[in-house]
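One structure is given here, and the rest of the page talks about it.
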Amino acid sequence: MFTQVLDPTGNLFLTWLVALIPLVVLLFLLAGLRWSAWLAVLIGSLVTLALGLWIWGMPFGDGIKAYVYGSLTGIWNVDWITFWGVILFNTLVTTGVFDKLRRWLISQGTADVRVQTILFAWAFGALLEGLVGFGYPWAFVAPILIAIGIPDLDAIRVAAIANNAPVSYGALGAPIIALAAVTGYPLLALSGSVSKIVAILALLPPWVLLYLVSGKKGMWEAWPLAVVGSLGYIAGQLPWGTFINPYLPDVIGSIVCFICILLLLKVWRPPTVLGYGGKPITGAASAPAHGLSGNEIFQAWLPILVLIVVVTLWTGPWSSLPKIVLFHAAVSAASSIAQGATIGAVFNWTPFVGGSAILASWVIVALLLRVNGKQLGEIFAKTWEQMWGACLVGVFIFGLAYVYNYSGMAASLAKAFSSLGAAFIVVAPILGFIGVALSGSNTSTNAMFGKFQALVGQVLGFPPLLLPTVNSVGAEIGKPIAPQTASVGVSTSRFVRNEGAVIRHNFGWTLVLLAYLIVISVACYWFFPGIANL
């Protein structure tokens, strides 16, 4: 068995610098040269492999196996989910079901900009993030907000800030699945730990959203919307992510939030109907009618209900399907940090993983919606055009992560950062924030930094799940300033190819949310460490 070397250069500071090279190369290619993500990650993964072989002395055959097992994990555990999730979403768009759902939801609120913001930016944005992610919540929510009178740039900012809390579970749980794959921690335990931190984080954004669209006075006047909006989402996502699975917390959270807000509007509405900027609206206070029949409304919600039922029955803790392993491959190394422990690069082919459940959901939905051959061609062509690059990123980023961990580079970097001691709890969410701000992907950030964060926590004696968890949640906060996310998010606005203006506009409030997360992280470390224990 290969034994990792903690300090291959004989100088820990120099080793630390060398261990940073793959990350620096990757981030330079993404942020500096603005290369396509898949190409940047491919080059970064090859640099990682070369350093692992040359500096850390990783055996060639074992290193190649680690890379291949990582790439296969990326394909099966992440790409398989995100591809079918986007297929499902594009099916709803192509058949017109998504537009019916949007029209019905608009009609349920009032003309008040605060009501529409909570319904669409917050609740509907969480639903879109849970289903598809990749910046699509911005792209679909921003035009709705623009249509109710919010200026383009401000509408995109509102959609982006609202998108913060749901990102950890975006694209049907892919970031959590990635985190579990690289850390080796149980999937449901990680999901529960992230759910608890996200629940605390989710208390703030609805207040920020109300302030952004109506000012301080408008925010306080509509405080029930902020309270019910945040608690409604938490009431759905927290128990689901903690006890059921990481695939649907956003979807369930958004639906519970919709129900709570609509019930609130039956008994309470803001005393004054306000437009953007807190200006009173004269005339009709009701939102436009949807013009849909009862059958059309049912059809609009049916795909979401099918997805929830199938994925829940298929992947819940009561199901043995995800535990079926038809192929197992692994290569192990003796850890340089924990004596007697091993670091494994493992690929398990489990044919009935969450992605297969989503495929089954889509088949049922396609049959129920009577999708024809022409529509199928459009759906698959559009999805391939959207997803081929993201799928390649999944292949190469996991190859990079597995080699980085297996070779000992992650352990060397963790040993260096552990010199910060307990103060590292402040750094951990910032690393996740920086990672996603440059890579554009919570999933990729978890793959890059997840094991490193876990190793630092191991050296420092932190609760095992705490640092990987705040890494993931820190990553979601960086999304509003990620160029790759912004490029998709502005695709339906006049800011196409002007992502810089959007990022600058989002930056200040993103830092506010990051500071809030740091406070949460420190509080959990000092006062509530049990929420991140196995």
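No lab work stands behind these numbers, since they all come straight from the coordinates. Just so it is clear, the model here is predicted, and its values are computed rather than measured. All Cβ positions, even for glycine, are placed from backbone atoms using ideal geometry, and neighbour counts span all protein chains on display.
A Cβ-based charge dipole, computed about the Cα centre of the chain with Lys and Arg at +1 and Asp and Glu at -1, lands at about 620 debye. Inter-label distance, A341 to A423: 2.4 nm, where each label sits 7 Å from its Cα along the C-beta direction. One decimal place: the segment S320-S36 gains 98.3 nm when fully extended, by the rule 0.36 nm per residue minus the C-alpha distance. Helical content alone sets the calculated 222 nm signal of the chain at -22000 deg cm²/dmol, taking -39,500 (n - 2.57) per DSSP H segment of four or more residues and averaging over every residue. Taking Cβ atoms as reference points and 14 Å as the exclusive limit, the residues near L292 contribute a net charge of +1, counting Lys and Arg as +1 and Asp and Glu as -1.
Once each part is reduced to its C-alpha centroid, what is the distance from the stretch 295-322 to the stretch 8-83 in angstrom? Here the two parts' Cα centres lie 37 Å apart.
Taking amide H positions as modeled 1.01 Å from N, with prolines and chain starts lacking one, no residue 5 or more places away or on another chain lies under 5 Å from A202.
Computed 3J(HN,Hα) for the stretch 513-529, one whole-Hz value per residue from the Karplus formula 6.51 cos²θ - 1.76 cosθ + 1.60 where θ = phi - 60°, is 5, 5, 4, 4, 5, 4, 4, 4, 4, 5, 5, 5, 5, 7, 10, 10, x, glycine and proline marked x.
Taking other Cβ atoms within 10 Å as a rough exposure proxy, D152, D79 sort from fewest to most as D152, D79.
Give me the extension gain from A515 to A330: residue separation times 0.36 nm, minus the current Cα-Cα distance, reported in nm with one decimal.
62.6 nm
Look at the dipole of the chain built from charges on Cβ: of L72, A447, A333, the Cα furthest out on the positive end belongs to A447.
Output the antiparallel fraction of DSSP beta bridges having both residues in the chain, as a percent to the nearest 5. Around 85 percent of the beta bridges assigned by DSSP in the chain are antiparallel ones. Amide H to amide H, with H built 1.01 Å from N, I281 comes under 5 Å of V273, L274, G275, counting only residues 5 or more places away or on other chains. Sequence-ordered 3J(HN,Hα) estimates for the stretch 116-122 from the Karplus curve with 6.51, -1.76 and 1.60 and θ = phi - 60° stand at 5, 5, 5, 5, 9, 5, 7 Hz, glycine and proline given as x. Taking other Cβ atoms within 10 Å as a rough exposure proxy, I177, I434 sort from fewest to most as I434, I177. Listing Y516, Y276 from fewest to most neighbouring C-beta atoms within 10 Å gives Y516, Y276.
Our summary of shape: the Cα atoms of the chain have principal axis extents of 75, 51, 43 Å, ordered from largest down, in whole angstrom.
Between the C-alpha center of the stretch 396-464 and that of the stretch 97-164 there is a gap of 33 Å.
For the chain, the longest principal axis of the alpha carbon atoms and the long axis of helix 60-73 meet at an angle near 10°. Taking the longest Cα principal axis of the chain as reference, the axis of helix 170-183 is set at about 20 degrees.
The alpha-carbon atoms of the stretch 158-312, seen along their principal axes, cover 57, 40, 24 angstrom, with the largest extent given first.
Relative to the first principal axis of the alpha-carbon coordinates of the chain, what is the inclination of helix 442-460, with its axis defined by its Cα atoms, in degrees from 0 to 90 and to the nearest 10? Around 50 degrees separate the two axes. Dipole orientation for the stretch 87-201: of the candidates G149, N164, P186, P186 has the Cα lying most toward the positive pole (charges on Cβ; Lys, Arg +1; Asp, Glu -1). Dipole magnitude for the stretch 63-207: computed about the Cα centre from +1 point charges on Lys and Arg Cβ and -1 point charges on Asp and Glu Cβ, it is near 180 debye.
Here r is the Cβ-Cβ distance between W526 and W268 and R0 is 35 Å; the resulting FRET efficiency, rounded to 0.05, is 0.40. Debye-formula intensities of the stretch 229-302, expressed as log10 I(q)/I(0) at q = 0.16, 0.21, 0.22 Å⁻¹, are -0.83, -1.02, -1.03 (one equal scatterer per alpha-carbon, no solvent).
If the stretch 176-230 were replaced by its equivalent ellipsoid, with semi-axes equal to the square roots of 5 times the Cα gyration tensor eigenvalues, what would those be, largest first, whole Å?
35, 10, 6
Computed from the C-alpha gyration tensor, the three semi-axes of the ellipsoid equivalent to the stretch 141-218 are 32, 15, 7 Å, from longest to shortest. Judged by the mean number of other Cβ atoms found within 10 Å, the most tightly packed of the peptides 444-450, 247-253 leads the ranking 444-450, 247-253. Legend: Rg and Dmax of the stretch 18-146, from Cα coordinates, 21.2, 65 Å.
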